Amino acid sequence: MPKAFTPKVVTANHLLAGDVIYQTADGWSRKLEEAEVLTDEADADLRLIEASQQVDEVVGAYLADVAVEDGVPVPTHFREEFRATGPSNYAHGKQVELS
Amino acid sequence: MYSYSEFDTAFLAERNAQFRAQVERRISGALTEDEFKPLRLMNGLYLQRHAYMLRVAIPYGTLNAAKMRKLAEIAERWDKGYGHFTTRQNIQYNWPELKDVPDMLDALAEVGMHAIQTSGNTIRNVTADHFAGAAADEIADPRPVAELMRQWSTDHPEFQFMPRKFKIAITGSPNDRAVTRAHDIGIRMVERDGARGYEIIVGGGLGRTPMIGKVITDFLPEADLLPYLEAIVSVWNQIGRRDNKYKARIKITVHEHGIDEIRRLVEERFVETRKTFSGVDVQMLREIEGHFAPPAFVQADTAPYARALETYPAFRAWTDTNVTPHRDADHAIVTISLKKHGDTPGDASAAQMRLIADLAETYGYDEIRISHEQNVILPHVHKASLPSIYSALRAEGLATANIGLISDIIACPGMDYCALATARSIPIAQEIATAFDDLKREHEIGALKIKISGCINACGHHHVGHIGILGLDRAGVENYQITLGGDHTEQAKVGDRVGPGFSADEVVPAIERIVDTYLDLRTSPEEEFIDTYRRTGLAPFKAALYPETKVAAE
Ligand code: HEM
Ligand code: SF4
């Protein structure tokens, strides 16, 4: 049986700043909570292709697993947690600056 | 300090102008990422987890005040006010923006620095003993040879697209501080019957298949160095595997063909390469040596130093750990610790870099070195200046007296910065350092090297740590594998795996158990951790780490 599809977001690095960004319904955001949650596999694949084509804005787009809590996406893997919040030795993540 | 010719200056300017145009074309969309990536990597620019990362070479770890100040300025202007010194005598900036990188490279070029061949499948920054030119135990200063190799390898047309990266390290001392046995080529300067020559070691390397290098020739005459190196690299370039990225290192080639066959092939090729070197290389070496002449050592009264040792215990503790004998009896080598307890190993702020530059200028004949252990060295300091240096360092948080002790940890950037990481390294280093500092046990424990990597690439040298820690991802949770008994010196050895890994919370208690076991086992405080380990082997440490398994076995 194929593995059940778990919720995902499209994430990448911003071309100019290099920082972590997430795809929203109509663009990109620095905040994971604003990301568009994809629950359908075909839809997710399509959104990833769209993101990968935006070569003037983003680098290295991929699908990252999330869980949905209180209606917003939260990371399920520790790597995505650090990507969302910045490094643990300094409060230097772009996301920290934004919040 | 070696100063570069007009040719070098023009070369750097041209390279930087080229890269500036490439960045502009990337930003305008004229170049895709696939087209741009190899170009940026050729200039030391990576895309990491949270930002770009620019890796700048510090050839054989040698700097002066002007260069250090430039590194500080770059940190402040285009980064977040600090830089990370690595195990390969590079500095990495973790937060540059793409548009600023050409300006950063131009700033570096002003002081003859660059990021060329700090990435890619080429001969990387040549590294050397960080006490070069100063150590009491040295046969000769290895840096002129390192500079010769740098000139030979930079933009060498045959060696720009090799199977994989290639790393060369050199030491001029019998006590190996350059980890020569864990490099693709390691070079040890030796003397035989009054003549200077080189022992050449090939096929060492860490990463996913750690190997200790093998001696390909135990005495290579001075004049044969470059043609012989060229023969080695060229043989590997031809027969090295390109089918599998993980097997594309000379260590695998040496392993698969055997050192005797490699020696035969190299010697065959050497007959050819020898002819293409007309002896200009030896003349160049003589010319380069002139630039590395030792400074004119000043004479001064050392009595104030002796008095300070008696009067100030903190100063004495610092000299005990951070000061090494110099070849001139009135001078000393100072190692400045970038391992303040709880800080990030290897990081220096712009203010710290400037202070080090000032100290080098005022007291250190304008000489600075970066060690592969992520510390900074003032190689020539008159003993009378030590008290002043110490108090200046204290003011900037740079006087931590822990060189060679348990908190002098090498840690790669790990998951916090590195896109390849499988777990974090920095917080583990911070926790260990803080835990042992809280108990003030470091000095009682004595010499002990902990080295941490955030993935199997082993940038933190964990294989050759007395205690090595490797961060892994076990089903989405950070997990740490411990090795014991690794050695990075002339007695190089890859550490032994103790058993199943530990969760992040269990690492500090595990290290404490290892240390307690050592303290129980050692015959006297003079017996260092590594000696005890060599004597007893893994068993008692394993029993202390996994008591439940032992019970089950009984
Ligand atoms: C953050 C960016 C970095 C990346 C992407 C990176 C990548 C890698 C990779 C892929 C390898 C394995 C190479 C192989 O076995 O073929 C490696 C090895 C190594 N790296 Fe890094 N590294 C990074 C940072 C560092 C840092 C910060 C240091 C020093 C602290 C370092 C020093 C080394 C060393 C010493 C090795 C030894 C492995 C060998 O024997 O070749 N690297 N690195
Ligand atoms: S060991 Fe792994 S995590 Fe650490 S710097 Fe190297 S590649 Fe990155």
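The values are calculated or read from the model by the stated rules, or taken from the named source; none is laboratory data. Just so we're clear, the structure is a prediction, and the values are computed from it rather than from any experiment. Here the Cβ positions follow ideal geometry from the backbone for every residue, glycine too, while neighbour counts run over all protein chains shown. In case anyone asks, the SASA skips ligands and DNA or RNA and just uses the protein heavy atoms, side chains included. Shrake-Rupley method; radii C 1.70, N 1.55, O 1.52, S 1.80 Å.
Observations
- Check on B:ILE377, more than 14 Å from chain A (Cβ to nearest Cβ), open to solvent by 30 Å² or more (accessible area, probe 1.4 Å) and of a type in the set (Val, Ile, Thr): no
- Residues that are under 21 Å from B:MET53 (Cβ atoms), of a type outside the set (Gly, Ala, Ser) and either open to solvent by less than 40 Å² (accessible area, probe 1.4 Å) or in contact (Cβ under 8 Å) with a residue 24 or more places away in the chain (or both), drawn from the stretch A:11-47: A:THR11, A:ASN13, A:HIS14, A:LEU15, A:ASP19, A:VAL20, A:ILE21, A:ARG30
- Among (1) open to solvent by less than 60 Å² (accessible area, probe 1.4 Å); (2) more than 26 Å from B:PRO427 (Cα to Cα); (3) modelled with pLDDT of 95 or more; (4) within 14 Å of chain B (Cβ to nearest Cβ) - the single one A:LYS8 does not satisfy: (4)
- When the stretch B:355-364 is limited to residues that are in contact (Cβ under 8 Å) with a residue 60 or more places away in the chain and buried (at least 20 other Cβ atoms within 10 Å of the Cβ), the one that is farthest from A:HIS92 (Cα to Cα) turns out to be B:ALA360.
- The single residue among B:PHE166, B:PHE159 that is aromatic (Phe, Trp, Tyr) and touching an Asp or Glu at 6+ places or on another chain (Cβ under 7 Å) turns out to be B:PHE166.
- Conditions (1) touching an Asp or Glu at 6+ places or on another chain (Cβ under 7 Å); (2) within 14 Å of another protein chain (Cβ to nearest Cβ); (3) within 11 Å of ligand 1 (Cβ to nearest atom); number of the one not met by B:ILE452: (1)
- Verdict on B:ARG249 being within 16 Å of ligand 2 (Cβ to nearest atom) and of a type outside the set (Gly, Ala, Ser): yes
- Residue among B:PRO210, B:PRO221, B:PRO157 that alone is within 16 Å of ligand 1 (Cβ to nearest atom) and either outside the structural domain of B:THR86 (by TED's automatic domain parsing) or more than 26 Å from B:PRO38 (Cα to Cα) (or both): B:PRO210
- Of the residues making up the stretch B:399-447, those that are farther than 16 Å from A:SER88 by Cβ, within 14 Å of chain A (Cβ to nearest Cβ) and among the hydroxyl-bearing types (Ser, Thr, Tyr) number 0.
- Within the stretch A:11-42, the residues that satisfy the criterion of being within 12 Å of chain B (Cβ to nearest Cβ) and not charged (D, E, K, R) are A:THR11, A:ALA12, A:ASN13, A:HIS14, A:LEU15, A:LEU16, A:ALA17, A:GLY18, A:VAL20, A:ILE21.
- You will find that of B:ASP320, B:ASP281, B:ASP301, the residue that is surrounded by 14 or more Cβ atoms within 10 Å (Cβ to Cβ) and either in the same structural domain as B:GLU222 (by TED's automatic domain parsing) or in contact (Cβ under 8 Å) with a residue 40 or more places away in the chain (or both) is B:ASP281 and no other.
- Filtered residue count, the stretch B:233-265, keeping only those that are within 16 Å of ligand 1 (Cβ to nearest atom) and either over 18 Å from B:LEU206 (Cβ atoms) or not in a helix (DSSP H, G or I) (or both): 10
- Any chance A:TYR62 is within 14 Å of another protein chain (Cβ to nearest Cβ), open to solvent by 70 Å² or more (accessible area, probe 1.4 Å) and in contact with a helix residue (DSSP H, G or I) (Cβ under 8 Å, 6 or more places away or on another chain): yes
- Taken over the stretch A:56-99, the criterion of being under 12 Å from the mean Cα position of the chain (by Cα) and basic (Lys, Arg) is satisfied by A:ARG79, A:ARG83.
- Hits in the stretch B:381-395 (condition: open to solvent by 30 Å² or more (accessible area, probe 1.4 Å) and either among the charged types (D, E, K, R) or under 12 Å from B:THR319 (Cβ atoms) (or both)): B:LYS383, B:PRO387, B:ARG394
- Members of the stretch B:187-221 found to be of a type outside the set (Lys, Arg), open to solvent by 50 Å² or more (accessible area, probe 1.4 Å) and under 16 Å from B:VAL282 (Cβ atoms), listed by number: B:PRO221
- Test: residue in the stretch B:155-177 that is in a helix (DSSP H, G or I), touching a helix residue (DSSP H, G or I) at 6+ places or on another chain (Cβ under 9 Å) and open to solvent by less than 10 Å² (accessible area, probe 1.4 Å): yes
- Residue check: B:VAL126 meets all listed conditions (1) within 14 Å of chain A (Cβ to nearest Cβ); (2) closer than 21 Å to B:SER5 by Cα but one, namely (1).
- Flag for B:ARG143 being within 16 Å of ligand 1 (Cβ to nearest atom) and under 26 Å from B:ALA65 (Cα atoms): no
- Considering only residues in the stretch B:6-48 that are under 21 Å from B:TRP95 (Cβ atoms) and touching a Lys or Arg at 6+ places or on another chain (Cβ under 6 Å), the one that is surrounded by the most Cβ atoms within 10 Å (Cβ to Cβ) turns out to be B:GLY44.
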